[in-house]
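The values are calculated or read from the model by the stated rules, or taken from the named source; none is laboratory data. Everything numeric here is computed off the predicted structure, so don't read it as measured data. Note that each Cβ is placed from the backbone with ideal geometry, even for glycine, and that neighbours are counted across all protein chains shown. Ligands, DNA and RNA are stripped out before the accessible areas are found, and what is left, the full protein with its side chains, is counted by its heavy atoms. Shrake-Rupley method; radii C 1.70, N 1.55, O 1.52, S 1.80 Å.
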Amino acid sequence: MERPSRQRQQERDTEQETDESTVSCPECDSEDIVTDADQELVCEDCGLVLDERNIDRGPEWRAFNHNERQSKSRVGAPITETMHDKGLTTTIDWKDKDAYGRSLSSEKRSQMHRLRKWQERIRTKDAGERNLQFALSEIDRMASALGVPRSVREVASVIYRRALNEDLIRGRSIEGVSTAALYAACRQEGIPRSLDEVADVSRVPQKEIGRTYRYISQELGLELKPVDPKQFVPRFASALQLSEEVQSKATEIIDVSAEQGLLSGKSPTGFAAAAIYAASLLCNEKKTQREVADVAQVTEVTIRNRYQEQIEAMGFR
């Protein structure tokens, strides 16, 4: 007897949703009906309120600033892959105060200190979790130094967890695998960071990072496209304080050169740096090769060689 009644309820809910989606304004016959912040159905054209008795699915309390919202909220942080326990753990605050803000006695303070110490110890139950905690902290440290967004840290943590589950860490350093996972996440998310930049914030040599990156990308089947030099143009141009005109010209130079096959086998950072140098000369915003090389972390010889190729491809010589 329960199943038919539940089915009828679902049918009524579906009919109600259909009615709400096809409702029109009685004043102007417009179908542009939206739901505002107060959960009211409002006509977007004339502003008529059609229904003001909708269910408010938000919290029952009101907050007017961030501090009030934080103090009244009764939910924790969302699950994250950047922590070894995914954030599902208990934390003991370092402030020695009770719920009313009063200072604790010396006996209570020593007790909370012992509890805090043991809480940190039992968060990791074995060596595997301790190694994972160290690797994720390394990813977070390097991501902060590179200035990449939160999504890259999440993807890097997922890649490292997959490598750990596939037993790809054995025989390799934790720092090397975590750095390779971060570089792969930058490639996967389209965040332009060269291998040299990642190696600068890492504690392992660049050769080991590249070798480990190729290994885990092959074993995990990561579908990573070649790095597009155009991704580096906005960051390099911003560091050199160049205009939008130079950026557009550099992008055009890269497109024309790539169509003629000059990009194959070339470093994307050096290719982008040479395009920016050429564009700055063409747009009368001259920058020296040394200035461009310092920003792109390439040599002046690389810029000169790529510059000659790109100028010939553009037909200026």
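If you rank Asp29, Asp85, Asp294, Asp140 by how much accessible surface each has, with a 1.4 Å probe, what is the order from largest down?
If we order Asp29, Asp85, Asp294, Asp140 from most to least accessible, we get Asp29, Asp294, Asp140, Asp85.
Given a 10 angstrom Cα cut-off, can you work out which residue in Leu50, Leu281, Leu168 is the most mobile in a GNM of the chain?
Leu50
Note down the net charge around Gly87, summing +1 for each Lys or Arg and -1 for each Asp or Glu among other residues with Cβ under 15 Å from its Cβ.
0
Less than 14 Å Cβ to Cβ from Glu197, Lys/Arg counted +1 and Asp/Glu -1: what total charge do the surrounding residues give?
0
What label, among (i) 5, 16, 21, 20, 15, 8, 4, 3, 3, 2, 1, 1, 0; (ii) 5, 17, 17, 16, 19, 18, 7, 1, 0; (iii) 6, 28, 34, 23, 8, 1, belongs to P(r) over Cα pairs in 10 Å bins from 0, in percent computed from the structure on display?
Comparing each candidate, only (ii) matches the computed number.
Per-residue ellipticity at 222 nm for the chain, helices alone: DSSP H runs ≥ 4 residues times -39500 (n - 2.57), over residue total, nearest 500 deg cm²/dmol?
That calculation yields -18000 deg cm²/dmol at 222 nm.
With θ set to phi - 60°, apply the Karplus curve 6.51 cos²θ - 1.76 cosθ + 1.60 along the stretch 70-84 and write out the HN-Hα couplings as whole Hz, x wherever there is a Gly or Pro.
Using θ = phi - 60°, the values come out as 5, 6, 8, 5, 10, 10, x, 6, x, 5, 10, 7, 7, 10, 5 Hz.
Multiplying the sequence separation of Glu40 and Gln133 by 0.36 nm and subtracting their Cα-Cα distance, what value in nm do you get?
28.8 nm
Mind giving me the FRET efficiency for Leu224 and Ser105? R0 is 41 Å, r the Cβ-Cβ distance, nearest 0.05 is fine.
Once rounded, the FRET efficiency stands at 0.10.
Within a Cβ distance under 15 Å of Asn284, other residues only, what is the Lys/Arg minus Asp/Glu net charge?
So the environment of Asn284 carries a net charge of 0.
Give me the one-decimal nm value for the distance between modelled label points at Arg162 and Glu244, 7 Å along each residue's Cα-to-Cβ direction.
About 3.8 nm separates the two model spin labels.
Give the relative contact order (percent, whole number) for the chain; include only Cα pairs under 8 Å separated by 6+ residues.
Reported relative contact order: 9 percent.
Measure off, as a whole percent, the carbon and sulfur share of the 1.4 Å-probe accessible area of the chain, all protein chains present.
46
Which one, Gly270, Ser248, Cys283, projects farthest toward the positive side of the charge dipole computed for the stretch 229-314 from Cβ point charges (K/R +1, D/E -1)?
Towards the positive end, the residue furthest out is Gly270.
For the chain, give the magnitude of the charge dipole about the Cα centre (Cβ charges: +1 Lys/Arg, -1 Asp/Glu; no others), in debye to the nearest 20.
About 2780 debye.
Probe radius 1.4 Å, ligands and nucleic acids left out: which of Arg304, Arg203, Arg123, Arg74 has the largest accessible area, and how do the rest follow?
If we order Arg304, Arg203, Arg123, Arg74 from most to least accessible, we get Arg74, Arg203, Arg304, Arg123.
Which of the aspartates and glutamates could be linked to Lys86 by a straight reach, that is with a Cα gap under 12 Å, when you skip same-chain ones fewer than 8 residues away?
Those aspartates and glutamates meeting the cut-off are Glu129, Glu154.
Testing the spin-label approximation: label points 7 Å from Cα along Cα→Cβ at Ile92 and Asp29. State their distance in nm.
7.1
Straight-line reach from Lys95: which lysines fall under 22 Å, measuring Cα to Cα and dropping same-chain residues less than 8 apart?
Cross-link targets: Lys72, Lys108, Lys117.
Take Arg170 and Ser73, extend 7 Å from each Cα along the Cα→Cβ direction, and tell me the distance between the two endpoints in nm.
Here the answer is 4.2 nm between the modelled labels.
Tell me, how many Å apart are the Cα centres for the stretch 108-138 and for the stretch 54-94?
Result: 22 Å between the Cα centres.
Applying 1/(1 + (r/R0)^6) with R0 = 41 Å to the Cβ-Cβ distance of Asp85 and Asp200, what FRET efficiency is obtained, to the nearest 0.05?
Efficiency, rounded to the nearest 0.05: 0.85.
Any lysines with Cα under 25 Å of the Lys249 Cα? List them, leaving off those in the same chain fewer than 8 positions away.
Lys225, Lys230, Lys266, Lys286, Lys287
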